Amino acid sequence: MAAETTAAERVGEVAAPSGADLETARRGRRVPAVDELEPPQRQLRRFVAGVLIAAAAVVLSVLGLNIVVDPFGTFGTGLFPTAIESDRSAKISLLEQLPYNPDILIMGSSRSRPARPKFLEKLTGRTGFNSGVTSGGAVDWWVFAHLWLRRFPKGPHHVLLFVSDGVGTNVVNPQLAADSRAAPYLPKGLDTGEWSILHKLEAYMSVDTARDSYRVVRACMRPEGCHTGFFHEDGSLRLGLLRAAGVRTKRMYTKLQAELARIRRDGISHRLPTEHEQLTFEHLLGYLNGHGITPVVVTNPLQPRLLAALNRRGNPRYRWSVDYLDALHAKYRFDFIDLTSIKTFGGSPSDFSDPTHVDTENMDRMLRYIVAHDDGIL
């Protein structure tokens, strides 16, 4: 019995310390009173504040990196080359430095860039310059026509203009608006697309822009250093860069499948350009005619499967463009050649860099056909 009592007492000693033991523990470590504990709301606020501060630090770091690298040339730091080609400024510089008078000015969007003036010279005996730029439109063509005729006022002068459905609208590219050499020729009253500082900061806070910055920095760490020469002196793409940037046949068909799936899912655009949106294009035709130039206007081809998908849905923008150009013949002089289908010039369905852009092989076939069917203009 005594042994059991002793065991119980020992258990009690472990489970419930005496008042003296509690007092000793309090002397070694202060135990806060219940009313001194931090409320849950305050803990939550401190947690949220910490998360926001960390997020702000990440955003500011991304913004700082993007501003320093400036992958799109928005802030003009100039420490690294841009992630995208500033082909408008580059081609204006090339045209200013060109040591000879280009008889033929090639104009258009990125779809015209595979046109090689040297190959065209073999067909016509005339020198040329390719002023085609990414997303090029009527305002770009208007500016380059003025720069060309100002730089080389003495002829001969000829124009080969590649157009797509919608022909050419009054949209002013921000890269063009930012170039002081183009500013005197920008049509008055058009939206130049200039970004406010808030728009610039917003664009440079994105992770996608940070990826472009990383790509630029990584490219500049190569032994050969940063490379920004995308064009020959005549405005044509450097062949090596064209091959490196071009999409091989397998990738082209992958993009084609994606575009066909998008059309099946979303349909096609039925919006047609307004009369106001075509003013610069018509002024361009009048300006060229006024200088004795009869431009050769050519529609760009589409990959046959893409063209078939558009035709099954009526292809309203293409039909509008053909009717629009036909109607303009009453007021302006120009030769029109429709190469939307590769069957017209014997093109290959595989010689595309993507479903809407031909590569150099198909472009060479186009140039042969154009020179043979332009009524001797070029």
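The values are calculated or read from the model by the stated rules, or taken from the named source; none is laboratory data. This one's a predicted model, so the numbers in the text were calculated from it and none came from an experiment. Note that we place each Cβ from the backbone using ideal geometry, even for glycine, and neighbour counts take in every protein chain shown. To get the accessible areas, we keep the full protein, side chains included, count just its heavy atoms, and leave off ligands, DNA and RNA. Shrake-Rupley method; radii C 1.70, N 1.55, O 1.52, S 1.80 Å.
Share of the range 88-129's accessible area from carbon and sulfur, percent, 1.4 Å? Don't skip to the end; give the middle numbers.
Working: 680 of 1470 Å².
Using a 1.4 Å probe with all protein chains present, the range 88-129 comes out at 46 percent carbon and sulfur.
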field: Residues listed by number, the range 282-301, amide nitrogen under 19 Å from Thr344 label point at 7 Å toward C-beta
entry: 294-301
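From the cross-link list Lys188/Lys331; Lys188/Lys255; Lys122/Lys250; Lys91/Lys250; Lys91/Lys122; Lys122/Lys154, which pairs have alpha carbons spaced over 29 Å apart?
Numbers: Lys188/Lys331 23 Å; Lys188/Lys255 39 Å; Lys122/Lys250 32 Å; Lys91/Lys250 31 Å; Lys91/Lys122 22 Å; Lys122/Lys154 22 Å.
Correct reply: Lys188/Lys255; Lys122/Lys250; Lys91/Lys250.
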- prompt: For labels at Ser61 and Tyr287 in the simple 7 Å Cα→Cβ model, what's the distance in nm?
  reply: 4.9 nm
message: What distance in nm separates the two pseudo spin-label positions at Ala372 and Thr249, each 7 Å out from Cα along the beta-carbon direction?
response: 2.3 nm
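With r as the distance between the Cβ atoms of Arg181 and Arg305 and R0 = 41 Å, compute the FRET efficiency 1/(1 + (r/R0)^6) and round to 0.05. List each step's numbers first, then the result.
Working: r = 41 Å, r/R0 = 1.01.
Calculated transfer efficiency: 0.50.
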task: Could you work out the local net charge near Asp375, counting Lys and Arg as +1, Asp and Glu as -1, over the other residues with Cβ closer than 12 Å to its Cβ?
output: -1
task: Tally up the carbon and sulfur contribution to the accessible surface of the range 273-367 as a whole percent, 1.4 Å probe, everything protein left in place.
output: 52 percent
Accessible area in square angstrom per residue, the range 283-378, 1.4 angstrom probe: 41 Å²
